[in-house]
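Take a look at the structure set out below.
The values are calculated or read from the model by the stated rules, or taken from the named source; none is laboratory data. Since the model is a prediction, treat every value here as computed from it, not as a measurement. Reconstructed Cβ throughout: ideal geometry from the backbone, glycine too, with neighbour counts over all protein chains shown.
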Amino acid sequence: MFKDLGQFKAYLNGIDNFDQLYIIQQGGRDVTKKDIIKQLEKAIANDAESVFRAKPQLWKNMDIDNFEELKRLCQEQKLSQGPEYEPFRNMILTTK
């Protein structure tokens with residue numbers, strides 16, 4: 001679902017906070033918002049450096065100061081679970 005994050009990084013470059021971005025994804029059978037967020041989180045972990053560099057201030061606004069920290073948070077599934085990262089999760093909307 002999130003094999004290439006090029007489009008995601010381009011979107012990040014155009015926003016100042018995650019409230020300005022919505023990713024609408026078709027849920028379908030047995031695919032939940034949580035599943036989609038976890039897939040995005042895994043993809044970010046694999047490309048954390050370029051995702052962070054796409055818009056460093058966006059991540060710093062969430063107290064993520066470098067790509068190593070972003071990668072660690074994704075690997076530990078903190079973006080998908082930590083209450084302080086709810087704005088990140090709220091950008092995902094699902095349809096049926």
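Numbers below:
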{"item": "Flag for residue 58 being in a helix (DSSP H, G or I), without any contact (Cβ under 8 Å) to a residue 24 or more places away in the chain and at negative phi", "result": "no"}
{"item": "Residues satisfying the stated conditions in region 54-80, i.e. loosely packed, with under 14 Cβ neighbours inside 10 Å and under 13 Å from residue 41 (Cα atoms)", "result": "76"}
{"item": "Number of positions in region 65-96 that are touching a residue at least 40 places away in the same chain (Cβ under 8 Å) and of a type outside the set (A, V, I, L, M)", "result": "8"}
{"item": "Residue, surrounded by the most Cβ atoms within 10 Å (Cβ to Cβ), within region 19-31, restricted to residues that are over 17 Å from residue 87 (Cβ atoms) and either in contact with a Ser or Thr (Cβ under 7 Å, 6 or more places away or on another chain) or modelled with pLDDT of 95 or more (or both)", "result": "25"}
{"item": "Only listed residue being free of Cβ contacts under 8 Å to residues at least 60 places away in the same chain, exposed (fewer than 14 other Cβ atoms within 10 Å of the Cβ) and in a helix (DSSP H, G or I), chosen from 42, 3, 9, 34", "result": "34"}
{"item": "Answer from 10, 54 - the residue that is modelled with pLDDT of 95 or more and more than 15 Å from residue 89 (Cβ to Cβ)", "result": "54"}
{"item": "Flag for residue 47 being of a type outside the set (A, V, I, L, M, F, W, C), buried (at least 17 other Cβ atoms within 10 Å of the Cβ) and within 21 Å of residue 71 (Cα to Cα)", "result": "yes"}
